[in-house]
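I have placed the structure first, in the form of structure tokens, so that the comments after it can refer back to it.
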Amino acid sequence: MIIKRFKAACLLTASAFTLGLSLSACGGPLNASSSSCVPKHADIKTVTPGKLTIGAIDIPPYSSYGSGNPTGIDIQIVNKIAAEECLTPVYQQATYADAVQSIAGGNIDLALGAVLVTEKRLKVVDFSASTYRDGMGIVSKTGAATVSDLEKMGKVGTIDGYLWVEDLKKILGDRLVTYPSSVELKADFDAGRLDAEVDAFGVQELQFKDVKGLTIALSDDKPDLRVAAQKNPPEAAFPITKGNTSLKEAVDTGIISQRKDGTIGKLLTDAGLSEVLSKVAAKQYAVPAS
């Protein structure tokens, strides 16, 4: 198997300074690996000792490689953990298609970018504690907020590949129109060819936040038991090298602490998203293999 290797890049972001991290020219806490730094967890194993090698997937506002200047919610979460563990973060560009393979191949320690926990991925990698959850959002001019509301409407659009698509097809029949991405979906909605659009709530909050006359509803607040993705909303976490318990424990501790002290909730709201997305289940939910 050929594992795609990515060029490591230096990190120097304003978001990291917001977290109070002092950065060096190569993208890590200035004295992260020096003898004066005392990590919260001892003997953490990483691909390169003293460094945390991270694959950054482009999915703003969660993560963006940014031509070597990574930014985003996940970036800030990991930067803080790296500083607490005296590790220098080193970022590489990654995609959903190759991130898990790069971890399994020993090229990177973890990946980030709203990666959902699934049973299929768990066969190859471990996952950290959940950072936030995904949610099924509904945008309309009529205030639709539930699947039952969608049943009373005409054409409804969504994106092919989402976990709720097959269940919505059963409920809405040929009134459900699928699209390859949010771009095409929004274009048809804006053109009036759809009565409602169903997409990831976080994406919709950014796309429509300044548009008047529309409602953006997190339909998971009133779940429809006919839609499996609403009974158990998918959760995002960081895929980590399978069996690396030392790294997983450190990352888990950092994430849980940032959830409890409100850091992750604030990162979400600062990015224009809802703090409710930080409320994950007590027991991490893994999407069943199809």
_Of 42, 99, 114, the one that fluctuates the most in a GNM where the chain has Cα springs shorter than 10 Å_ = 42
*Rounded accessible area per residue of the chain, 1.4 Å, Å²*: 46
*Where a ≥ b ≥ c are the square roots of the eigenvalues of the C-alpha gyration tensor, would you call region 58-139 rounded, which needs a/c under 1.5, or, failing that, prolate if a/b is larger than b/c, or oblate?*
rounded
*Excluding residues on the same chain fewer than 8 positions from residue 209, give the lysines whose Cα lies under 20 Å from its Cα.*
141, 186, 266
*Could you work out which residue, out of 92, 207, 101, moves most in a Gaussian network model of the chain, that is, has the largest mean-square fluctuation with Cα springs under 10 Å?*
207
*In whole Hz, what ³J(HN,Hα) sequence does region 90-100 give by Karplus (6.51, -1.76, 1.60; θ = phi - 60°), x for Gly and Pro?*
10, 9, 10, 6, 9, 9, 4, 5, 10, 4, 5
*Percent of accessible area on region 49-169 owned by carbon and sulfur, 1.4 Å probe?*
52
*asked:* Using only the Cα atoms of the chain, what are the Rg and Dmax in Å?
replied: 19.8, 65
*Name the long-range amide H neighbours of residue 132: under 5 Å, sequence gap of 5 or more, or other chain; modelled H, no Pro or chain starts.*
236
*May I ask you to list the aspartates and glutamates whose Cα is less than 18 Å away from that of residue 283, ignoring any residue fewer than eight positions away on the same chain?*
119, 126, 134, 220, 235, 249, 252
*Which trypsin sites (Lys or Arg not before Pro) in region 148-220 pass both tests, a DSSP loop state and at most 12 other beta-carbon atoms within 10 Å?*
152, 193, 209, 212
*asked:* Tell me the carbon and sulfur percent of the accessible area for region 206-290, rounded to whole percent, probe radius 1.4 Å.
replied: 53
*Cut-off under 5 Å, modelled amide H: who pairs with residue 240 long-range*: 126, 127, 128
*Residue among 160, 210, 58 with the largest mean-square fluctuation in a Gaussian network model of the chain, springs linking Cα atoms under 10 Å*: 210
*When you count, for each residue, the other Cβ atoms within 10 Å and take the mean per peptide, how do 59-68, 82-91 rank with the highest first?*
82-91, 59-68
*Using a/c under 1.5 as the rounded threshold, could you call region 232-290 rounded, prolate or oblate? The axes a ≥ b ≥ c are square roots of the C-alpha gyration tensor eigenvalues, and prolate needs a/b larger than b/c, oblate otherwise.*
oblate
_the chain: calculated mean residue ellipticity at 222 nm from DSSP helix runs of at least 4, using -39500 (n - 2.57)_ = -7500 deg cm²/dmol
*R0 = 41 Å: FRET efficiency of residue 45 with residue 165, Cβ-based, nearest 0.05?*
0.55
*Dimensionless Rg ratio for region 130-266, taking C-alpha atoms and the 2.2 N^0.38 Å reference*: 1.20
*What residues qualify as long-range amide H neighbours of residue 51, i.e. H under 5 Å apart, gap of 5 or more or another chain, H built at 1.01 Å from N?*
88
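The values are calculated or read from the model by the stated rules, or taken from the named source; none is laboratory data. From a predicted model like this one, the values you see are computed outputs, not experimental measurements. Cβ: placed from backbone, ideal geometry, glycine included. Neighbour counts: every protein chain shown. All accessible areas refer to the heavy atoms of the entire protein, side chains included, with ligands and DNA or RNA removed. Shrake-Rupley method; radii C 1.70, N 1.55, O 1.52, S 1.80 Å.
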